[in-house]
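One structure below.
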Amino acid sequence: MNYVFPLWTPPALSIHGSTDLFAVRRIFCVGRNYVEHQKEMGGDGREQPFFFLKSEFALVTNTAVVHYPAKTTNYHYETEMVVAIGTGGRRIAASDATKHIFGYGVGLDMTRRDLQQIGKDKGRPWDFGKNFDESAPCGTLTPASKIGHPVKGAITLQVNGKLRQQADLSEMIWSVPEQIEYLSQYYTLEPGDIILSGTPAGVGPVQAGDELVAHIDGLNDLHVKIAPAL
Ligand code: MN
């Protein structure tokens, strides 16, 4: 069998303490999974979270340069814990969910907020606001076999050395096992799927030249520099 152009290498995340790579299949993202973030987005803090997806080709790996994207003037960061699925399944009970997790990392759900808002206003899909080139910078994964399953700990973002997001993982509305239970009712999860588990309050815009450091206690920091548009 020949292909009309060469096959690409699957996008993949590095693994702390290993030379192996974690190939990424799908990127699921939780929307509005922290009360204070719901409120800053105009909600009442009592909404059900929900999911949307990004293509795996939105992935950018650690210590990355991310280009200011096309067709936006309101480009936002959202700092999130990345949950990496190592064992697939469907209709997974929350009580069994951690068995399906390979590890954890720090990620950014980069967002063209103005295009997302157009989608909301017109009842259209969010893809152009959320799922675009380089919209998912994700750091090195740390295996759960090394650190267990984080349920609390600081999640922070600094932009040019100034603290912009600061919360605790324990403030998630849907815990990671609850996210897996919910998601696996709708999708058959596969090894290589990752979940961006929602952002806390404090989201805001960045510009070319800005330097971001996303941090979650116990995981590898994610460093991203915003470069001028291509
Ligand atoms: Mn998000």
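Structure notes:
A quick yes/no check of all residues on (1) in contact with a Lys or Arg (Cβ under 7 Å, 6 or more places away or on another chain); (2) without any contact (Cβ under 8 Å) to a residue 40 or more places away in the chain; (3) assigned to a strand (DSSP E or B); (4) surrounded by fewer than 23 Cβ atoms within 10 Å (Cβ to Cβ):
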position: Ala70; (1), (2), (3), (4): no, no, no, yes
position: Val82; (1), (2), (3), (4): no, no, yes, no
position: Thr98; (1), (2), (3), (4): no, no, no, yes
position: Gly103; (1), (2), (3), (4): no, no, yes, no
position: Val106; (1), (2), (3), (4): no, no, yes, no
position: Asp114; (1), (2), (3), (4): no, no, no, yes
position: Asp121; (1), (2), (3), (4): no, yes, no, yes
position: Asp133; (1), (2), (3), (4): no, no, no, yes
position: Pro137; (1), (2), (3), (4): no, no, yes, no
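- Residue selected from the range 73-82 under the condition in contact with a Ser or Thr (Cβ under 9 Å, 6 or more places away or on another chain) and away from the ligand (no atom under 13 Å from the Cβ), by the criterion nearest to His223 (Cα to Cα): Tyr75
- The residues listed here are Gln207, Gln185; of these, the one that is in contact (Cβ under 8 Å) with a residue 12 or more places away in the chain and part of a loop (DSSP other than H, G, I, E, B) is Gln207.
- Tally of residues being more than 16 Å from the ligand (Cβ to nearest atom) and surrounded by 15 or more Cβ atoms within 10 Å (Cβ to Cβ) across the range 192-217: 5
- From the list Phe22, Phe57, Phe28, the one residue that fits, being outside any loop (DSSP other than H, G, I, E, B), over 20 Å from Ala167 (Cβ atoms) and within 15 Å of the ligand (Cβ to nearest atom), is Phe28.
- Residue match in the range 24-36 (condition: in contact with a helix residue (DSSP H, G or I) (Cβ under 6 Å, 6 or more places away or on another chain) and under 24 Å from Ala208 (Cα atoms)): no
- Beta carbons closer than 9 Å, at least 6 apart along the sequence or on distinct chains, pair a first residue in the range 30-50 that is within 8 Å of Ala201 (Cα to Cα) and in contact (Cβ under 8 Å) with a residue 60 or more places away in the chain with a second that is in a loop (DSSP other than H, G, I, E, B) and among the hydroxyl-bearing types (Ser, Thr, Tyr) for Tyr34/Thr199; His37/Thr199.
- Residues (within 14 Å of the ligand (Cβ to nearest atom) and of a type in the set (Ser, Thr, Tyr)) located in the range 105-154: Thr111, Ser135
- A count restricted to the range 108-136 and to residues that are small (Gly, Ala, Ser) and out of contact with any Gly (no Cβ under 6 Å at 6 or more places or on another chain) stands at 3.
- Pairs linking a residue in the range 149-177 that is aromatic (Phe, Trp, Tyr) and in a loop (DSSP other than H, G, I, E, B) to a residue that is surrounded by 15 or more Cβ atoms within 10 Å (Cβ to Cβ) and modelled with pLDDT under 95, with Cβ atoms under 6 Å and 6 or more positions apart or on different chains, are Trp174/Pro49.
The values are calculated or read from the model by the stated rules, or taken from the named source; none is laboratory data. Given the structure is predicted, the values throughout are model-derived calculations rather than measurements. Note that each Cβ is placed from the backbone with ideal geometry, even for glycine, and that neighbours are counted across all protein chains shown.
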